[in-house]
Amino acid sequence: MILEILIAGLISFLAVLVSGQFLVPILAQIGLTAQDINKRTRPILPTSGGLIFMLGLFAGTLALIFSANYIVNTEINVQLLLLALISAVAISMIGFIDDLIGGKIRLSRENLKKMASNYALFNGGIKQWQKPVLTLIAVLPLMMINWGTPVINIPFIGAVQINQVLFTLLFIPIAVIFSANVFNMLEGLNGLSLQMGLVAFIALGLFSFHIQSYTAFAIAVISVGGLLAYIYYGSYPAKILPGDSLTYLIGGAFAITVIIGNMEALGVILLIPWFAEFILKARRRFHANSWGIVQRDDRLKSPHGNKIYSLTHIFLRTGRFKEWQIVSLLTVVEVVVAAIGLLIVW
């Protein structure tokens, strides 16, 4: 069974790596583009990279379901795995709709000139309050299945049973909506949500394997495989921008893995940087940006001066760091958080 899960992760990796070769130019041709504003040249890049990662999740999950049904008996809940895939795809589609509304511009010479000179062209999209409401639709598949009495394992306290109705109607939608939206908040630099999300999924994979929650382990492995391949496209310097379709998908898949694996305590710990981001952005009523203003030496400076309205501003306010350095430092922060979290819950 473990071998089949690892093969599914490999299939996810290959699907992302191969599909990107086709989708990146297609997205550019149809005009689904945006400016990479953290570069001095402000290059025009394809956006909505979530479509690539989604194909990886799709291919890996279907391969594992096929294996479970026709090749080897496993302890994986195939029905739950399929519902998780449906929810993840639906969440990504909500982000994709926002990408379409906010960024689709034809790649004519005239439009290229406009895009290079006016970032305001990309400020459309789904309204902020509409995003969590639409995400609720994507949570419905998870809410429709009952997989036992919900138990939350709290460090130093133990297992605590909670009411099934409250868990289904309150905890699941809040967890998925919050996770999808906060992953979207902490973005704006090449590879930021990608690399921090990869660390979080590796931690979930290790712990789900430890507690023998193999359905959650499968989702984590498939996600890790897809994200590892996406590094080629999304890390600095990016070949494609993530768009809401990717940030929403990573956050939604993270919450789904936590819920299915009954890893709520670890999930909360892993989300500490995103909780901090939520609080910082709330100080400015969620009207702050995480990206920077490019200096002559390619170092980034905060658009908000010395004020800190995002975790990225801790580094941006100094004006001493380049884009890839800030991403690396925040990734290290998540590595430390993940290590502490695993030590606590193990």
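Annotation for Arg317 and Ile162: the two label points, set 7 Å from Cα along the Cα-Cβ direction, are 3.4 nm apart.
What FRET efficiency, computed as 1/(1 + (r/R0)^6) with R0 = 35 Å and r the Cβ-Cβ distance, is obtained for Leu3 and Val332, rounded to the nearest 0.05? E(calc), rounded to 0.05, equals 0.65. Give me the distance in nm between label points sitting 7 Å out from Cα along the Cα-to-Cβ direction at Gln79 and Arg42, one decimal. Modelled inter-label distance: 5.4 nm. Which of the three applies to segment 228-275, rounded, prolate or oblate, going by the alpha-carbon gyration tensor with a ≥ b ≥ c and a/c under 1.5 meaning rounded? Note, shape of segment 228-275 comes out prolate. Projected over all directions and averaged, the alpha-carbon convex hull of the chain occupies 16.8 nm².
Per residue of the chain, the DSSP helices (runs of n ≥ 4 H) give a summed -39500 (n - 2.57) that works out to -20500 deg cm²/dmol at 222 nm. Couplings 3J(HN,Hα) for segment 328-341, derived from phi with the Karplus relation 6.51 cos²θ - 1.76 cosθ + 1.60 (θ = phi - 60°), are 5, 5, 6, 5, 4, 4, 5, 4, 5, 4, 5, 5, 5, x Hz, where x marks Gly and Pro.
Mind jotting down the distance between the C-alpha centroids of segment 223-274 and segment 13-44, whole Å? With segment 13-44 and segment 223-274 each reduced to a Cα centre, they are spaced 19 Å. The number of Lys pairs in the chain with C-alpha atoms less than 23 Å apart, excluding pairs fewer than 8 positions apart on the same chain, is 23. Stretching the chain fully between Leu140 and Phe171 yields a gain of 9.9 nm (0.36 nm per residue, less the alpha carbon separation). As a calculated quantity, the FRET efficiency between Asn306 and Ala28 at R0 = 56 Å, using C-beta atoms, amounts to about 0.90. As a rough guide to protection, the peptides 185-197, 278-290, 5-17 ranked by mean Cβ packing within 10 Å, highest first, stand as 185-197, 5-17, 278-290. Starting from the Cα gyration tensor of segment 11-100, take the square roots of the eigenvalues, sort them a ≥ b ≥ c, and report rounded, prolate or oblate (rounded when a/c is under 1.5, otherwise prolate if a/b is larger than b/c, else oblate). Taking the square roots of the gyration eigenvalues as a ≥ b ≥ c, segment 11-100 is prolate. Across the chain, C-alpha contacts under 8 Å between residues 6 or more apart give a mean separation that, scaled by the residue count, equals a relative contact order of 24 percent.
A Gaussian network model of the chain, with springs between Cα atoms under 10 Å, assigns the largest mean-square fluctuation among Ala68, Ala253, Ala88 to Ala68. Projecting label points 7 angstrom from Cα along Cα→Cβ for Leu62 and Ile340 puts them 4.2 nm apart. Fully extending the segment from Ile231 to Ile293 would add 19.9 nm, taking 0.36 nm per residue of separation and subtracting the current Cα-Cα distance. Can you give the angle from 0 to 90° between the axis of helix 50-70 and the longest principal axis of the chain, with both taken from C-alpha atoms, to the nearest 10? Here the helix axis deviates by roughly 20 degrees. Seen against the Cα atoms of the chain and their longest principal axis, helix 272-282 is set at about 50 degrees.
Readers should treat all values here as calculations from the given coordinates under stated rules, not as data from a laboratory. This is a predicted model, so every value here is computed, not measured. We place every Cβ from the backbone using ideal geometry, glycine too, and count neighbours over all the protein chains shown.
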